[in-house]
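*Asks:* Handing you this structure, nothing more for now.
The values are calculated or read from the model by the stated rules, or taken from the named source; none is laboratory data. Nothing here was measured: the structure is a model prediction, and the numbers come from that model. Cβ sites come from the backbone with ideal geometry, for glycine too, and all protein chains shown count toward neighbours.
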Amino acid sequence: MRSEFLHAAAIAALASVIAIPVAQRAQAQTYQVLYDFSNGADGGLPLAGVVQDARGNLYGTAYEGGGTGCLGNRGCGVVFKVDPSGKETVLYSFQGGSDGVYPEAGLIRDADGNFYGTTYAGGTSSGAFTAGYGTIFELSKSGKETVLYRFKGGSDGAYPSAPVIRDAKGNLYGTTLSGGNPACYSGCGTVFKLSRSGKETVLYRFGANDTDGLVPAGGLIQDNAGNLYGTTQFGGTGRYECTGDYEDWGCGTVFRIDRNLKEAALYRFCPGLCSDGANPSGGVIRDADGNLYGTTTWGGAYGGGTVFMLNKEGESVLYSLGAQNGDGFLPAGGVTRDAQGNLYSMTTYGGGGPCRGPLNGCGTVFKVDSSGNETVLHAFQGQSDGYYPTGSLALGVKGTLYGTTSAFDGGKCLGDCGTVFKLTP
């Protein structure tokens, strides 16, 4: 899954990071865990963010839990709802077969209240991690799941780990980590379109050359002209080593696919521990002026990742993470932007919390303002507040932020469980 790519790369790259300045800490932030998962029927290990409806209900996916059909009977994943009072409802529990297994990405919701998403694996009739190459599904308001497409693992793509987007005609667009061009082991990844009738069209297969990018781990956005934008986690700089775990894979790209299906790498992150950042695992967002914003999982001035902007003049690093453990490092998701131009994201590690894994700290929620100043809004402590967030944030009314942590141990479960949280300014 996506986190395995970014965690392995980051651990190797951050081993020699040297820290210097101190991050700012926000005042008067109210942090609240709305729900903590037990890894049972309610689900566990939410890797993606949540979406919110007009009534304040939150919707998302959990990678495990929900049943007993997968990986040591820990469940194949769920789609869940958490209401404003913190009550969780499982809308769908994956069964480990043709309906898909392990929903790693978040959801989108249409005007009628139907949800669309992907499962990382599954799609065949037998329940196992390797049983199928992933699915695209629809979940109705009544909780009926319909598999819209089952990936075959060849030229059509394999293992979708990012959410889909939907156009005005109901077509879905997304990415797969693998499949497509066989130039890479198991394929270099794809960008695809799924019509309302269920026809899948591969818009681009990565690995056509050494500079177009490899492994699109994040999702897509679409502009008014129909151009698609996204990131690849590797490739772009030719066959140069970027991380110790993925020798000669390159440092990643920001790309565009135009209406004529021509792919262009708008920016190629440089090889080595570069100040511009390396290995973006989240997608990008776009403002009204056409500027793109995103994160890289590592690189930057201190090796802990970056928040960046990309426009016609090139890439600008708005903030380099990892100056010291307190500001966090390894942002695995993308950014969220408010009306004032502030950017919000999370880091999987750092923040000064007591977690002592391969990288110290339990993670942070942070803000980068339009002047490039970073403020840590919350530093996870790895106890009742959760730890190791890997998804993106949702921005609600009056600046309230909603998100998930991927792991939690409050004495209720033996493995990783996770939380849904609310952060109020």
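*Asks:* Could you grab the pairs with beta carbons closer than 6 Å, sequence gap of 6+ or different chains, first residue in segment 28-45 and under 11 Å from GLY66 (Cβ atoms), second one β-branched (Val, Ile, Thr) and surrounded by 17 or more Cβ atoms within 10 Å (Cβ to Cβ)?
*Replies:* GLY43/VAL78
*Asks:* Strands (runs of 3 or more DSSP E) wholly in segment 101-208 with at least 2 residues that are farther than 17 Å from LEU47 by Cα, within 23 Å of the chain's Cα centre (by Cα) and among the charged types (D, E, K, R) - which ones?
*Replies:* Answer list for segment 101-208: 145-150, 200-205.
*Asks:* Right, here's the next one. Please go through segment 304-322 and pick out each residue that is surrounded by 24 or more Cβ atoms within 10 Å (Cβ to Cβ) and in a loop (DSSP other than H, G, I, E, B).
*Replies:* Passing the criteria: GLY305, LEU321, GLY322.
*Asks:* Sort out which residues of segment 290-303 are within 11 Å of GLY252 (Cα to Cα) and not in a strand (DSSP E or B), and write them in order of number.
*Replies:* THR297
*Asks:* Which is aliphatic (A, V, I, L, M), in contact (Cβ under 8 Å) with a residue 24 or more places away in the chain and within 25 Å of LYS87 (Cβ to Cβ), of VAL368, VAL397, VAL420, VAL376?
*Replies:* After applying the criteria, what remains is VAL420.
*Asks:* Now for a different question. Out of THR243, THR237, THR297, I need the residue that is at pLDDT below 90, polar (S, T, N, Q) and touching a helix residue (DSSP H, G or I) at 6+ places or on another chain (Cβ under 7 Å). Which one?
*Replies:* THR243
*Asks:* When residues of segment 309-362 are filtered for being at positive phi and either in contact (Cβ under 8 Å) with a residue 60 or more places away in the chain or among the aromatic types (Phe, Trp, Tyr) (or both), how many remain?
*Replies:* The total comes to 3.
*Asks:* Further, regarding this structure: TYR159 - would you say it is aromatic (Phe, Trp, Tyr), within 16 Å of LEU148 (Cα to Cα) and crowded, with 24+ Cβ neighbours inside 10 Å?
*Replies:* Yes.
Quick grid of which residues meet (1) buried (at least 24 other Cβ atoms within 10 Å of the Cβ); (2) of a type in the set (Gly, Ala, Ser); (3) under 19 Å from ARG337 (Cβ atoms); (4) at pLDDT 95 or above:
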{"site": "GLN383", "(1), (2), (3), (4)": "no, no, no, no"}
{"site": "GLY386", "(1), (2), (3), (4)": "yes, yes, no, no"}
{"site": "GLY391", "(1), (2), (3), (4)": "yes, yes, yes, yes"}
{"site": "ALA394", "(1), (2), (3), (4)": "no, yes, yes, yes"}
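*Asks:* I'd like the full set of residues that are of a type in the set (A, V, I, L, M) and either out of contact with any strand residue (DSSP E or B) (no Cβ under 9 Å at 6 or more places or on another chain) or within 24 Å of ALA162 (Cβ to Cβ) (or both), limited to segment 342-380.
*Replies:* Scanning segment 342-380 gives LEU343, MET346, LEU359, VAL365, VAL368.
*Asks:* Right, next: Of all the residues that make up segment 363-374, how many are in contact with a Phe, Trp or Tyr (Cβ under 9 Å, 6 or more places away or on another chain) and on the phi < 0 side of the Ramachandran plot?
*Replies:* Summing the residues that are in contact with a Phe, Trp or Tyr (Cβ under 9 Å, 6 or more places away or on another chain) and on the phi < 0 side of the Ramachandran plot in segment 363-374 gives 7.
*Asks:* Now for a different question. Only residues that are under 19 Å from TYR63 (Cβ atoms) and either hydroxyl-bearing (Ser, Thr, Tyr) or modelled with pLDDT of 95 or more (or both): list them for segment 396-423, please.
*Replies:* TYR402, GLY403, THR404, THR405, SER406, THR419, VAL420, PHE421
*Asks:* Name, by its number, the condition in (1) assigned to a strand (DSSP E or B); (2) under 24 Å from ASP210 (Cβ atoms) that does not hold for LYS367.
*Replies:* (2)
*Asks:* Would it be correct to say that THR135 is crowded, with 17+ Cβ neighbours inside 10 Å and at pLDDT 95 or above?
*Replies:* Yes, satisfied.
*Asks:* On to the next question. If LYS193 satisfies every condition in (1) free of Cβ contacts under 8 Å to residues at least 24 places away in the same chain; (2) farther than 19 Å from ALA105 by Cβ; (3) not hydroxyl-bearing (Ser, Thr, Tyr) but one, which is the exception?
*Replies:* Condition not satisfied by LYS193: (2).
*Asks:* Now a separate question. Collect the residues in segment 323-333 that are part of a loop (DSSP other than H, G, I, E, B), touching a Phe, Trp or Tyr at 6+ places or on another chain (Cβ under 8 Å) and closer than 23 Å to ALA162 by Cβ, keeping them in residue-number order.
*Replies:* GLY328, LEU330
*Asks:* Okay, moving on. Name the single residue that is farthest from the chain's Cα centre (by Cα) among those in segment 212-226 being in a loop (DSSP other than H, G, I, E, B) and under 24 Å from PRO331 (Cα atoms).
*Replies:* Checked segment 212-226; the qualifying residue farthest from the chain's Cα centre (by Cα) is ASP212.
To keep it simple, each residue is scored yes or no on (1) in contact with a strand residue (DSSP E or B) (Cβ under 6 Å, 6 or more places away or on another chain); (2) assigned to a loop (DSSP other than H, G, I, E, B); (3) under 24 Å from LEU395 (Cβ atoms).
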{"residue": "VAL254", "(1), (2), (3)": "yes, no, yes"}
{"residue": "LEU261", "(1), (2), (3)": "yes, yes, no"}
{"residue": "LEU266", "(1), (2), (3)": "yes, no, no"}
{"residue": "CYS270", "(1), (2), (3)": "no, yes, no"}
{"residue": "ALA288", "(1), (2), (3)": "no, yes, yes"}
{"residue": "GLN340", "(1), (2), (3)": "no, yes, yes"}
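*Asks:* Has segment 25-47 got any residue that is modelled with pLDDT of 90 or more, surrounded by 14 or more Cβ atoms within 10 Å (Cβ to Cβ), out of contact with any Asp or Glu (no Cβ under 6 Å at 6 or more places or on another chain) and under 19 Å from SER281 (Cβ atoms)?
*Replies:* Within segment 25-47, one or more residues are modelled with pLDDT of 90 or more, surrounded by 14 or more Cβ atoms within 10 Å (Cβ to Cβ), out of contact with any Asp or Glu (no Cβ under 6 Å at 6 or more places or on another chain) and under 19 Å from SER281 (Cβ atoms).
The rows are residues; the columns are (1) touching a residue at least 12 places away in the same chain (Cβ under 8 Å); (2) over 24 Å from VAL50 (Cα atoms).
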position	(1), (2)
TYR116	yes, no
ILE136	yes, no
SER142	no, no
ARG166	yes, no
GLY198	yes, yes
